[in-house]
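*Asks:* Let me give you the structure first, and then I'll get to my questions.
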Amino acid sequence: MSNEPMNLTRSGGFIVATDGAQPLFRQIAELVENSILDGTFIEDEQVPSTNELAAFHRINPATAAKGLSALVADGILYKKRGIGMFVTPGAREKVRAQRRASFAQQYIAPLVREADKLGMSVDELKDLLDTWDTP
């Protein structure tokens, strides 16, 4: 990953990539989702505003707004008119369920296809996963 300022915006522990790998609004939504998953934002807690996110990540406020709006549309956040956006009760479980579903499609399906190409049985793949030592 490049550390060139034109490709990345880095502040605190967050990195927003501007290289086109993933749309910026989706990255903003994912950062908020990650903060919900790790307990940084809890149910009914206010999340950073569009302008706060835009200033923090040095992006256009409309981009930040699009990311937050996507989370509202998904039922992860809700709006309080004139106050801000808040974490919907049950959002953590909803994000976790969505991520698990996409995890299977994004990682498990290609893993199984590659194992099949290598002539590995499902049992061999399970054994490999059971003995895998995570760093």
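The values are calculated or read from the model by the stated rules, or taken from the named source; none is laboratory data. Keep in mind the model is a prediction, meaning the values are calculated, not measured. Reconstructed Cβ throughout: ideal geometry from the backbone, glycine too, with neighbour counts over all protein chains shown.
*Asks:* So residue 100 ticks every box in (1) assigned to a loop (DSSP other than H, G, I, E, B); (2) loosely packed, with under 11 Cβ neighbours inside 10 Å; (3) at pLDDT 90 or above but one. Which box is left unticked?
*Replies:* (1)
*Asks:* Against the definition (out of contact with any helix residue (DSSP H, G or I) (no Cβ under 8 Å at 6 or more places or on another chain), assigned to a helix (DSSP H, G or I) and loosely packed, with under 10 Cβ neighbours inside 10 Å), how does residue 130 come out, yes or no?
*Replies:* In short, yes.
*Asks:* Let me ask something additional. Would you point out the residue of segment 78-97, among those that are without any contact (Cβ under 8 Å) to a residue 24 or more places away in the chain and surrounded by 12 or more Cβ atoms within 10 Å (Cβ to Cβ), that is farthest from residue 46 (Cα to Cα)?
*Replies:* Looking at the filtered set, the residue picked out is 94.
*Asks:* Now for a separate question. Could you list, in sequence order, the residues of segment 51-64 that are within 11 Å of residue 24 (Cα to Cα), in contact (Cβ under 8 Å) with a residue 24 or more places away in the chain and part of a helix (DSSP H, G or I)?
*Replies:* 57, 63, 64
*Asks:* Looking at 110, 89, which is the one that is in contact with an Asp or Glu (Cβ under 7 Å, 6 or more places away or on another chain) and at pLDDT 90 or above?
*Replies:* Checking each option against the conditions leaves just 89.
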